[in-house]
1. Name the single residue that is modelled with the highest pLDDT among those in segment 39-52 being among the aliphatic types (A, V, I, L, M) and surrounded by 14 or more Cβ atoms within 10 Å (Cβ to Cβ).
2. Assuming residue 1 fulfils every condition listed in (1) open to solvent by less than 80 Å² (accessible area, probe 1.4 Å); (2) more than 15 Å from the chain's Cα centre (by Cα); (3) at pLDDT below 75 apart from one, which condition is it?
3. Scanning segment 59-92 for residues that are of a type in the set (D, E, K, R) and either in contact (Cβ under 8 Å) with a residue 60 or more places away in the chain or part of a helix (DSSP H, G or I) (or both), which turns out least open to solvent (accessible area, probe 1.4 Å)?
4. Give the residue, chosen from 36, 55, 60, 30, that is closer than 25 Å to residue 85 by Cβ and at pLDDT below 70.
Amino acid sequence: MHLAWRWFTGLGFDQEIPHHSTFSPVHQQDQVSTTDPDSTYATKGGTPARLGYYDNYLVDNHSCVIVGVQATAARMSQETVAARDMLTRFTQ
């Protein structure tokens, strides 16, 4: 699994793997934009609404490797659209 992760991220054998906290905040935050006209208002967990996008990840459960990432408008209905798009790209 570690070799696959190194290959996926482009890290060589002699390079230090970043601490997990480097990546953890990405899964907990939405991408925020105050000027992009394509962004939409979103709220999560009772927080105030703000402009942004949702990050969607396609994960190979067998290897625990992220094989696709797609940003979408901050609408839950876009999660299915993103999943279909990423699956199509991954299987081609």
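1. Among those residues, the one meeting the criterion is 51.
2. Single failed check for residue 1: (1).
3. 85
4. 30
The values are calculated or read from the model by the stated rules, or taken from the named source; none is laboratory data. Source: prediction; values computed, not measured. Here the Cβ is made from the backbone with ideal geometry for all residues, glycine too, and neighbour counts use every protein chain on show. Ligands, DNA and RNA are excluded from the accessible area calculation, which covers all protein heavy atoms including side chains. Shrake-Rupley method; radii C 1.70, N 1.55, O 1.52, S 1.80 Å.
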